[in-house]
Amino acid sequence: QKEVEQDPGPLSVPEGAIVSLNCTYSNSAFQYFMWYRQYSRKGPELLMYTYSSGNKEDGRFTAQVDKSSKYISLFIRDSQPSDSATYLCAMSAQYDKVIFGPGTSLSVIP
Amino acid sequence: DSGVTQTPKHLITATGQRVTLRCSPRSGDLSVYWYQQSLDQGLQFLIQYYNGEERAKGNILERFSAQQFPDLHSELNLSSLELGDSALYFCASSATGVRGQPQHFGDGTRLSIL
């Protein structure tokens, strides 16, 4: 079993839809949780950074962490064609390396 | 724009050769990380430098080496290249040496081995 698992997609939604992206993990020591967006031929761009459990909102993006279930989610409201990209979850234990999920490819259709 | 600069953007070379990839971190960041991204392996951590010193090693092959210079830029050296080394190589930086902090990525160097 991989440390971090993520449905690779591709996920295709109509413009304006609410998108839910998810990751599961196995290491209960993970405390820091991140979501990155990666456009084709570009580097990953940090979207959200959270510590421990709970929710964090930034504009149209909401990150949720459920440590009891070892499950994290990223919600995108009012999705736009410009949101079409690959979304990578990432996480780490304190003072340890960051482990990235394989990424979910998202297409938002106008 | 993340502020992390990587050169060159694309490198094409042959098996057995040696290449050097360069990274300039964001202004003020002291840590540099190198990652390899391939279709089948995802984003794999290679090595971290903090303020000129090696801080952590990941899945870095012995044929690969890196260093961070006094001006904080970093270079990743890949030698005796094999076809399987073809991948995207990313550099990321963060403010301190504490791993788990948010990292900011450059746009990568695409290495193609013929």
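The values are calculated or read from the model by the stated rules, or taken from the named source; none is laboratory data. Fair warning: this is a prediction, and the values are worked out from it, not measured in the lab. For neighbour counting, all protein chains shown are included, and Cβ atoms are generated from backbone atoms with ideal geometry for every residue, glycine included. Just the protein is used for accessible areas: all its heavy atoms, side chains included, with ligands, DNA and RNA removed. Shrake-Rupley method; radii C 1.70, N 1.55, O 1.52, S 1.80 Å.
Listed values, structure above:
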{"read-out": "Residues that are outside any loop (DSSP other than H, G, I, E, B) and either touching a residue at least 24 places away in the same chain (Cβ under 8 Å) or touching a Lys or Arg at 6+ places or on another chain (Cβ under 7 Å) (or both), drawn from the stretch B:56-77", "value": "B:ALA56, B:ALA66, B:GLN68, B:SER74, B:GLU75, B:LEU76, B:ASN77"}
{"read-out": "Where a residue in the stretch A:94-105 is at the interface with another protein chain (Cβ under 7 Å from one of its Cβ atoms) and under 18 Å from A:TYR51 (Cβ atoms) and its partner, wherever it lies, is polar (S, T, N, Q) and open to solvent by less than 40 Å² (accessible area, probe 1.4 Å), with Cβ under 6 Å and at least six apart", "value": "A:VAL98/A:SER92"}
{"read-out": "Selection within the stretch B:81-114 - more than 12 Å from the chain's Cα centre (by Cα) and facing another protein chain (nearest Cβ under 9 Å)", "value": "B:VAL98, B:ARG99, B:GLY100, B:GLN101, B:PRO102, B:GLN103, B:HIS104"}
{"read-out": "Residue ID - least open to solvent (accessible area, probe 1.4 Å), chosen from residues in the stretch A:1-59 that are among the basic types (Lys, Arg) and assigned to a loop (DSSP other than H, G, I, E, B)", "value": "A:LYS42"}
{"read-out": "Test: residue in the stretch A:58-69 that is within 14 Å of chain B (Cβ to nearest Cβ) and charged (D, E, K, R)", "value": "yes"}
